[in-house]
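What follows is a single structure, written as structure tokens, with notes after it.
The values are calculated or read from the model by the stated rules, or taken from the named source; none is laboratory data. Small disclaimer: the values here were computed from a predicted structure and weren't measured. Cβ: placed from backbone, ideal geometry, glycine included. Neighbour counts: every protein chain shown.
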Amino acid sequence: MKEFIKFGCKLYQALNRTRLMQRMETKMQGRTEKERPVWFSMWFLASIATFGVAFFPMFYRLIENRNRHFRHETLLEKQIIAFLKKQGKEQPATVDDFREMNAKAWATAVILIVPAFAITYILSRDLLVHERRQDMFLAAVFPERMFMPQTIPIKKYVLITIVTLGVGIVYWLYKVINQYNAHFKAQQEIEKEIIKLMEDTKVGEKRM
């Protein structure tokens, strides 16, 4: 009878872990399907052709991508922590410091010119902080894996912008957009790796 109860408990825990992994996989796959890069050259040429009008939807799209990605990452970390808790493993510390930007308000404010510089700086700073936090979190969860954050020289971009009397913001914006695109692409690979590790865990449990 005791052995039957123990078996039932183990089966229940295994089913819970399986459901949790399935939910994580579904959310990760949904995130991958929605992801669309922003092509700077296309938007820049469109802005020239429309006398700057295309800059408004471009900045809106950038901010929305930033919000969506950081929101997803916060949920993903919580899912991973819940998964580790189910396994009885130590959970890494997290800092829930995500602040959503009002995409419509910021994009509309670009008409005043100065907010365009502020948006570019905020996007750069937030990606830099986000990648460092993500690297620390993943290193704690998957110590056998290495995830390298990008180098984002914000001071260099600020200096170029100042020296060129503001014209350098075009180069800075170009770099920021490429960095976000690279981060989103790397995120897809990271999530595939996480799913693989989860599946390996699932196979190990079945063998037990």
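Some points to look at:
- Members of region 112-133 that are of a type in the set (Val, Ile, Thr) and either surrounded by 19 or more Cβ atoms within 10 Å (Cβ to Cβ) or part of a helix (DSSP H, G or I) (or both): VAL114, ILE119, THR120, ILE122, VAL129
Here's the yes/no breakdown for (1) modelled with pLDDT under 95; (2) within 25 Å of LYS185 (Cβ to Cβ):
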site: LYS86; (1), (2): yes, no
site: GLN91; (1), (2): yes, no
site: ILE119; (1), (2): no, yes
site: GLU131; (1), (2): yes, yes
site: PHE137; (1), (2): yes, yes
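- Where MET136 falls short, out of the listed (1) assigned to a helix (DSSP H, G or I); (2) over 19 Å from the mean Cα position of the chain (by Cα): (2)
- Residue match in region 33-50 (condition: outside any loop (DSSP other than H, G, I, E, B), at pLDDT below 50 and over 20 Å from ILE111 (Cβ atoms)): yes
- Any hit, region 144-165, residues being surrounded by 18 or more Cβ atoms within 10 Å (Cβ to Cβ), closer than 21 Å to LEU84 by Cα and at pLDDT below 90: no
- In region 39-53, residue surrounded by the most Cβ atoms within 10 Å (Cβ to Cβ) [restricted to those that are of a type outside the set (Ser, Thr, Tyr) and under 25 Å from LYS185 (Cα atoms)]: TRP43
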